[in-house]
Amino acid sequence: MEHDPFGTFIDLIKFDQETISLDKKIKKSLDELQQFEDKKKGIEDALQAVHEQMVQARKTVDEKELEMQTLDAREKDQKNHLDNATNQKEYESATSEITTLKQQQMDLEEGLIAAWNKLESAKKAHAHKKAAAEEEIKEVVELIEQKEKEIKEAQATVETRDASRDDKQKGVPEEWLERYKVMRGRVTNPVVPVVDGISCGGCFYIISPQDMSRLEKKALVQCKACYRLIYMKQKGSE
Ligand SMILES: [Zn+2]
């Protein structure tokens with residue numbers, strides 16, 4: 001193959017541009033991955049909130065049942081007093097206590113039924129939410145796995161490209177590489193072709209006749225306005 005430093009240099013630039021666009025793609029994919037992770041967390045948090053409501057409803061039922069048991073025990077106790085009353089005063093005291101306790105039991109009964117109803121609806125809401133959430137999580141996990149695979153593959157490609165880049169520089173004059181290196185840090189398109197036969201492809205500054213004739217002789221010219229490196233596209237290429 002004929003030694004063509006110019007063609008090799010243009011190939012190197014194309015190669016770098018491709019790597020840059022791959023890196024951009026990876027960054028975009030990472031953002032998308034984060035969105036999927038956030039979505040998954042949102043679904044899990046919403047389910048957890050419904051679960052917590054069910055736990056609280058169960059706790060209320062337990063508390064009220066315990067309270068009811070205490071009232072029952074106190075009533076039993078007072079009935080004992082009533083059975084063993086030795087005088088009118090003891091008898092009346094026990095009767096009065098029992099009346100009060102019965103009223104408390106009736107009041108509590110209402111609250112207990114309401115608590116049970118609340119627990120039942122909380123259980124239903126949770127079961128419903130859980131089924132829907134599991135389906136949604138399954139879908140989002142698939143998306144996450146797919147995205148992770150995509151990113152991994154793209155990262156491996158970039159690594160392979162980075163490893164082979166040194167070879168792509170072979171045959172390109174050191175001076176061009178140096179100028180290119182400086183410009184690469186400043187702009188995303190450090191090397192541009194001549195456009196409309198007269199202008200810099202980066203900033204459209206009109207190229208001087210002297211530089212035009214150098215470009216025609218396959219030289220690399222630096223733009224006077226934006227300092228990008230300008231080349232002339234070879235006839236027949238692209
Ligand atoms: Zn320019």
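The values are calculated or read from the model by the stated rules, or taken from the named source; none is laboratory data. Just so it is clear, the model here is predicted, and its values are computed rather than measured. No Cβ is skipped: glycine too gets one built from the backbone with ideal geometry, and neighbour counts run over all protein chains shown. Surface accessibility is based on the protein's heavy atoms, side chains included, excluding ligands, DNA and RNA. Shrake-Rupley method; radii C 1.70, N 1.55, O 1.52, S 1.80 Å.
Normalised by 2.2 N^0.38 Å, with N the number of residues, the alpha-carbon radius of gyration of the range 146-238 equals 1.35. Relative to the dominant Cα principal axis of the chain, helix 5-83 is inclined by about 0°.
Sorting T100, T86, T188 by solvent-accessible area of protein heavy atoms yields T86, T188, T100, largest first, with a 1.4 Å probe. Here the extension length gained between V50 and N84 equals 7.1 nm, from 0.36 nm per residue of separation less the Cα-Cα distance.
Kindly flag which residue pairs out of K25/K218; K64/K123; K24/K233; K28/K168; K149/K181; K28/K129 have an alpha-carbon separation exceeding 22 Å in this structure. Pairs exceeding the cut-off: K25/K218; K24/K233; K28/K168; K149/K181; K28/K129.
Converting phi to 3J(HN,Hα) with the Karplus coefficients 6.51, -1.76 and 1.60 and the offset θ = phi - 60°, the range 187-195 yields 10, 7, 10, x, 10, 10, x, 6, 10 Hz in sequence order, with x at every glycine or proline. The angle between the Cα long axis of helix 174-184 and the main principal axis of the chain comes to about 40°, on a 0 to 90 degree scale. Between the Cα long axis of helix 88-169 and the first principal axis of the chain there is an angle of about 10°, rounded to the nearest 10. Summing +1 for each Lys or Arg and -1 for each Asp or Glu among the other residues whose beta-carbon sits under 12 angstrom from that of Q103 gives -4.
Result for the chain in a Gaussian network model with C-alpha springs under 10 Å: among E153, E63, E142, the largest mean-square fluctuation is at E63. Near K27, which aspartates and glutamates are there with a Cα under 18 Å away, not counting those fewer than 8 places off in the same chain? Cross-link targets: D16, E18, E37, D38, E145, E148, E150, E153, E159, D162.
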